[in-house]
Structures are given as C-alpha cells and as structure tokens.
Amino acid sequence: MTTILVTGANGQLGNQLKQLSANYPQFDFKFTDLPELDITAEHAINQVLTELKPQWLINCAAYTAVDKAEVESDLAHKINVEGASLLARLSDEHRIRMVHISTDYVFDGTASQPYKEDHPKNPSGVYSQTKSLGEDLVLANNPRSIIFRTSWLYSAFGQNFVKTVIRHSTEKGYMQIVADQVGTPTWAADLVTMIMKAIEIDLQPGIYHYSNEGVCSWYDFAMAIVELQGIKAIIEPITTNDFGAVASRPFYSVLDKALVKRNTGLKIPYWRDSLKECLKQLNEQG
C-alpha cells in the first residue's frame, strides 16, 4: 500500500485531507504536525521518513498570516523557506515525491488576464517573498516535486474568510469588504481532490495552478456568503486603501488552470457551487 505523509495536518488543508482520507482506502495516510514533527528540524524529519517510509509527502505546513509576517519575518522565513527546502531535500534523499502548496501572491497582481504558471514572479511583502523562495528551493532540492499554487483558500476548518464573514455579519449586522481585489475562492475539499488525483496518476513534476472556476472580488465573495447563509447584514464595498492592510495584496489574482485540467482531466467546480457545499458542511457541524 502507498503511504502518504502529511505535514501541517492541523491546518485548513491538513484537516480537509483528514476528513476526505476515507475516500482513498488505497492509501495509508500518516498525519503529522507540531509537536510530533517540526519541519525545520532535520533530525526529526529524517527519523519520521525512515520510520514511515512514505512514497509521497504532502506539505500543508505554512506560515500564512500575511500582515503578521511583516513583523514576524524570521518565523515566516523559517517555515516557508527553510522548512519547505528541508522537506524537499530530505524527501529527495529518501526517494519520496513531494506535493507542496503555494500561492497566487507570488505574482504582483498587475496582470489583466489569468496568470499562467510561467508568468514572471514579482512577490511583494514578506509572506509573498517567502512563499516564492520556498517554491524555488522545493523544485531545486526535489526535482520530482509537484507545486500547486492556489488562491483564497477556505474550508469548514480553522480561521478563514468564510467563517469570519459569517461571524461578523451575524454579530454586528454590518461589514466593510474590499471590492477592488479580484481573484477566485478555492474550497479546500476541491484542492484535496486535485492533489489526490495528481498522486493517483503520478502527475509529472512542476508547478500547476489550481483554484475553483470563475472570478469575483472579496466583496462579491462576502455577498455570496451572507446570501447563501441567509444572513441579514449590510456589506459595504470599500477600496484597498480604505482597508489599510499592513502588507500589500495583489489586485488581480486569477489563475489560469488550463495546464492542470489538461494533464489530469478533472473538471473544476465553479466557486459559488463549492461555497454552497462548504456552507452546508459548516451548518451540519453546527
């Protein structure tokens, strides 16, 4: 049986993998996170790889606090660069294929059409820069790696935009949401489906873009959340300048998914349809 080691298993994507792992009985999943496995500790990684002997490693561990990274740059670098690089090097030494998750933030957001995988990167801010450098080192240290760049990830787990909008709009009845940043929400369950498809077909190494289909602004996304959830709230559109975030965000984050669709044959769900499914799951969980 093929063994898959998952790092960062307590995060959004890791928890989604746990939930959906039962759908893949042909694989033996091993879920790890702190304190069992520190991805920046070489000895600990080597020990786990030697004991478990996985054929695949899915790295879900990441520092994702975009604004906080500006003041915790050392920690962001340690996890997103050093940790990712170390996992790649050691997995390569153990002859393990690696799946690594990256972000639309490696681009500067000035494009006017969906970003293809080979579009020049131009990250702005600590988070974006560490994720970009992490990509480079993963591919350099384990050339058999697969990198999925994704955007606006959400799920029924952890803290994310969907849960924040539900909580604040319910409690306060009013929110201000940025309307001049455009991209595509991605339900973690759909990303898991793509990752597992890649493993099942032994997808060729390289960088692939994955998000749900369609395009919207953060304001559109928030409006859809309150509408589908039946929340009576006022959502006011504001500009990025009005919001005043610490770290800059790309204004345009739409990813071209033609390559991954062509190489996997998977049909990618429309973002609003996936949002409905996620909200259904959230409501069932209470």
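The values are calculated or read from the model by the stated rules, or taken from the named source; none is laboratory data. Keep in mind that this is a model prediction, so the values were computed, not measured. With ideal geometry, Cβ positions are generated from the backbone for all residues, glycine too; neighbour counts draw on all protein chains shown. Note: accessible area is taken over every heavy atom of the protein model, side chains too, but ligands, DNA and RNA are not part of it. Shrake-Rupley method; radii C 1.70, N 1.55, O 1.52, S 1.80 Å.
Please tell me if Ala9 is out of contact with any Lys or Arg (no Cβ under 8 Å at 6 or more places or on another chain) and either buried (at least 22 other Cβ atoms within 10 Å of the Cβ) or under 30 Å from Glu277 (Cα atoms) (or both).
Details: out of contact with any Lys or Arg (no Cβ under 8 Å at 6 or more places or on another chain): no; either buried (at least 22 other Cβ atoms within 10 Å of the Cβ) or under 30 Å from Glu277 (Cα atoms) (or both): yes.
Here the answer is no, as Ala9 does not meet what is asked.
Please pick out the residue among Ile268, Ile238 that is surrounded by 18 or more Cβ atoms within 10 Å (Cβ to Cβ) and either touching an Asp or Glu at 6+ places or on another chain (Cβ under 7 Å) or at pLDDT 95 or above (or both).
Working: Ile238 fails: surrounded by 18 or more Cβ atoms within 10 Å (Cβ to Cβ).
The unique qualifying residue is Ile268.
With (1) under 20 Å from Ser155 (Cβ atoms); (2) open to solvent by 50 Å² or more (accessible area, probe 1.4 Å); (3) touching a Gly at 6+ places or on another chain (Cβ under 7 Å) as the list, and Glu70 as the residue in question, which single condition is left unmet?
(1)
Got a sec? Which of Gln159, Gln176, Gln181 is of a type in the set (S, T, N, Q), within 30 Å of Lys232 (Cβ to Cβ) and at pLDDT below 95? Even if it seems obvious, please write down each step before you answer.
Numbers: Gln176 fails: at pLDDT below 95; Gln181 fails: at pLDDT below 95.
Step by step, each of Gln159, Gln176, Gln181 is checked, and only Gln159 is of a type in the set (S, T, N, Q), within 30 Å of Lys232 (Cβ to Cβ) and at pLDDT below 95.
For segment 112-128, enumerate the residues that are farther than 26 Å from Ala65 by Cβ and surrounded by 17 or more Cβ atoms within 10 Å (Cβ to Cβ).
Across segment 112-128, the qualifying residue is only Pro114.
Looking only at segment 158-183, which residues are in contact with a strand residue (DSSP E or B) (Cβ under 7 Å, 6 or more places away or on another chain) and under 29 Å from Thr264 (Cβ atoms)?
Across segment 158-183, the qualifying residues are Asn160, Phe161, Val162, Gln181, Val182.
From the list Ser73, Ser112, Ser21, exactly one residue is of a type in the set (Ser, Thr, Tyr), within 30 Å of Tyr252 (Cα to Cα) and free of Cβ contacts under 8 Å to residues at least 60 places away in the same chain. Which is it?
Ser73
Got at least one residue in segment 152-161 being among the aromatic types (Phe, Trp, Tyr) and at positive phi?
As a first pass, look at segment 152-161 and keep what is among the aromatic types (Phe, Trp, Tyr): 152, 154, 157, 161.
Checking the rest, the ones that are also at positive phi come to 152.
Yes, there is a match, as at least one residue in segment 152-161 is among the aromatic types (Phe, Trp, Tyr) and at positive phi.
What residue, among those in segment 133-149 that are of a type outside the set (A, V, I, L, M) and open to solvent by less than 10 Å² (accessible area, probe 1.4 Å), is farthest from the chain's Cα centre (by Cα)? Break it down into steps so the answer makes sense when it comes.
Keep residues of segment 133-149 that are of a type outside the set (A, V, I, L, M), which gives 134-136, 141-145, 148-149.
Cutting the leftovers down to open to solvent by less than 10 Å² (accessible area, probe 1.4 Å) gives us 134-135, 142, 145, 148-149.
Working: Gly134: 14, Glu135: 13, Asn142: 20, Ser145: 16, Phe148: 8, Arg149: 7 Å.
Among those that are of a type outside the set (A, V, I, L, M) and open to solvent by less than 10 Å² (accessible area, probe 1.4 Å), it is Asn142.
Looking at segment 207-219, can you tell me whether even one residue there is of a type outside the set (Gly, Ala, Ser), over 28 Å from Asp118 (Cα atoms), in contact with a strand residue (DSSP E or B) (Cβ under 7 Å, 6 or more places away or on another chain) and open to solvent by 10 Å² or more (accessible area, probe 1.4 Å)? Before the answer, list the steps.
Residues of segment 207-219 of a type outside the set (Gly, Ala, Ser): 207-210, 212-213, 215-216, 218-219.
Filter once more, so that each one left must be over 28 Å from Asp118 (Cα atoms): 219.
Remaining after also requiring in contact with a strand residue (DSSP E or B) (Cβ under 7 Å, 6 or more places away or on another chain): 219.
Restricting the remaining residues to those that are open to solvent by 10 Å² or more (accessible area, probe 1.4 Å) gives 219.
The answer is yes, given that some residue of segment 207-219 is of a type outside the set (Gly, Ala, Ser), over 28 Å from Asp118 (Cα atoms), in contact with a strand residue (DSSP E or B) (Cβ under 7 Å, 6 or more places away or on another chain) and open to solvent by 10 Å² or more (accessible area, probe 1.4 Å).
The rows are residues; the columns are (1) surrounded by fewer than 16 Cβ atoms within 10 Å (Cβ to Cβ); (2) within 17 Å of Tyr127 (Cβ to Cβ).
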| residue | (1), (2) |
| --- | --- |
| Leu17 | no, no |
| Asp28 | yes, no |
| Asp38 | no, no |
| Val66 | no, yes |
